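Structure first, commentary second.
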Amino acid sequence: MTQKIRVGAVQAEPAWIDLQGGVDKTIQLIQQASRDGVNVLGFPEVWIPGYPWIIWTRSVVESTELMHDYMANSMSRTSPEMARICAAVKEAGIFVVLGYSERDGASLYIAQSFISTEGKIVHHRRKVKPTHVERSIWGDGQADSLKSVVDTPFGKVGGLNCWEHLQPLLRYYEYCQGVQVHVASWPPMFPLPDPKELKWPYHETAEASLRASQFLAVEGQSFVILSTQVITERNLEKLNLLGVKIIQAPGGGFSMIFGPDGKELCEPWPAGKEGIMQTDIDLRDIDYAKGLIDTVGHYSRPDLLSLLVNPKAAQTYKLMDS
């Protein structure tokens with residue numbers, strides 16, 4: 001296993017509700033990461049085909065046509081589009097955690113596929129509980145999505161989506177899996193608006209989301225690749241977001257890379273900047289943090305507190321033995 005690696009966090013605007021355009025842009029970023037020497041690359045939540053903020057800001061009736069198009073432009077795990085992405089990853093020789101809206105039959109899921117340097121999906125998971133109104137669009141992940149860490153040539157790489165970072169038991173189970181490099185996939189998030197114009201909870205802001213990802217680094221003694229989306233003014237009309245007070249464009253990006261003690265390893269980017277934030281890390285530095293606190297090791301008390309995990313996914317149907 002390589003100890004000294006380069007990691008990259010995508011901060012970019014999706015090809016909104018455009019599956020083919022999203023695949024093209026994904027491949028371009030993978031190729032750029034390869035040229036830059038990145039070993040592990042993390043993408044935002046539902047990078048393909050972008051996060052539909054309309055579900056938070058408009059009624060179901062106002063959202064119907066746009067979400068109909070959204071469903072048509074979500075990506076199947078087994079598809080020509082995914083095959084193109086996997087081929088690009090193989091050519092690039094990097095490890096990728098790809099966030100996308102997964103279409104499975106007539107249902108959608110907030111998914112992450114872990115794609116190896118050989119261009120194979122070595123693990124696939126779904127957000128175990130979509131947040132609030134997200135449940136009107138996406139289904140729940142099952143027990144097989146509790147696994148969130150895989151072995152790679154660049155260490156044990158894990159990943160969670162958005163508010164999964166606020167699920168303490170889910171975080172703890174990832175620590176149990178030995179995560180060393182974690183991909184925190186997020187949609188575009190924005191600063192707290194003027195309370196005179198709009199009441200909005202702080203925990204729904206870019207700063208709170210960044211802090212939640214940073215805390216995973218501290219609590220789990222893991223490097224964290226925080227990847228986020230960007231939204232620009234030219235796409236507000238397409239997304240039916242004109243005049244929405246919570247949206248600030250260009251903006252939405254708050255990407256960062258954290259060390260295993262929670263330290264920011266990069267200079268913060270402007271909220272509208274696009275590219276791949278990247279830095280070199282040494283996995284052996286994790287021991288500096290682990291020496292003080294190992295949440296599932298010497299700093300745990302399993303005799304007092306432990307986690308019960310159900311690893312078996314529920315089934316829609318089961319054939320009886322004849």
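The values are calculated or read from the model by the stated rules, or taken from the named source; none is laboratory data. Treat the numbers as computed from the prediction; the structure is a model and nothing was measured. Counting neighbours? That spans all protein chains shown, and the Cβs are built from the backbone with ideal geometry, glycine included. These accessible areas exclude ligands, DNA and RNA; they are computed on the full protein's heavy atoms, side chains included. Shrake-Rupley method; radii C 1.70, N 1.55, O 1.52, S 1.80 Å.
Could you report the chain's accessible area per residue, 1.4 Å probe, as an integer in Å²?
Accessible area per residue, the chain: 46 Å².
Pull up all non-local amide H partners of G275: gap of 5 or more, or a different chain, and H-to-H distance under 5 Å with H placed in the peptide plane.
The list, which skips near neighbours in sequence, is Q11, A12.
Do the sum for the chain: with -39,500 (n - 2.57) for every DSSP H run of n ≥ 4, divided by all residues, what is the mean residue ellipticity at 222 nm, to the nearest 500 deg cm²/dmol?
-7000 deg cm²/dmol
What does the charge count around S76 come to, taking other residues whose C-beta lies under 12 Å from its C-beta (Lys +1, Arg +1, Asp -1, Glu -1)?
Here the charged neighbours net out to -1.
Relative to the Cα centre, what is the charge dipole magnitude of the range 213-271, using +1 at the beta carbon of each Lys and Arg, -1 at the beta carbon of each Asp and Glu, and rounding to the nearest 20 debye?
In total the dipole reaches around 260 debye.
So, with a 1.4 angstrom probe, what is the percent of accessible area on the range 133-176 that is carbon and sulfur?
Answer for the range 133-176 is 54 percent, counting heavy atoms of protein chains only.
Considering only protein heavy atoms and a probe of 1.4 Å, how much of the accessible area of the range 1-104 is carbon and sulfur, as a whole percent?
47
If you count, for each residue, the other Cβ atoms within 10 Å and average over each peptide, how do 238-245, 144-151 line up from highest to lowest?
Top to bottom by mean Cβ count within 10 Å: 144-151, 238-245.
Taking the Cα centre of the chain as origin, work out the dipole magnitude from +1 charges on Lys and Arg Cβ and -1 charges on Asp and Glu Cβ, in debye rounded to 20.
Once rounded to the nearest 20, the dipole reads 380 debye.
Which one of A184, V150, Q28 is farthest out on the positive end of the charge dipole of the chain, using unit charges on Cβ (Lys, Arg +1; Asp, Glu -1) and the Cα centre as origin?
Farthest towards the positive end: V150.
Tell me, what is the percent relative contact order of the range 1-149, built from C-alpha pairs under 8 Å that lie six or more residues apart?
Here the relative contact order equals 20 percent.
So what is the relative contact order for the chain, in percent, with contacts set as C-alpha pairs under 8 Å and at least six apart?
21
Quick one: Cα centre-to-centre distance for the range 107-153 and the range 253-289, in angstrom?
Spelled out, the Cα-based centre of one part sits 23 Å from the other.
At a threshold of 8 angstrom on Cα-Cα distance, excluding pairs fewer than six apart, so keeping six or more, what relative contact order does the range 198-322 reach in percent?
That works out to 23 percent.
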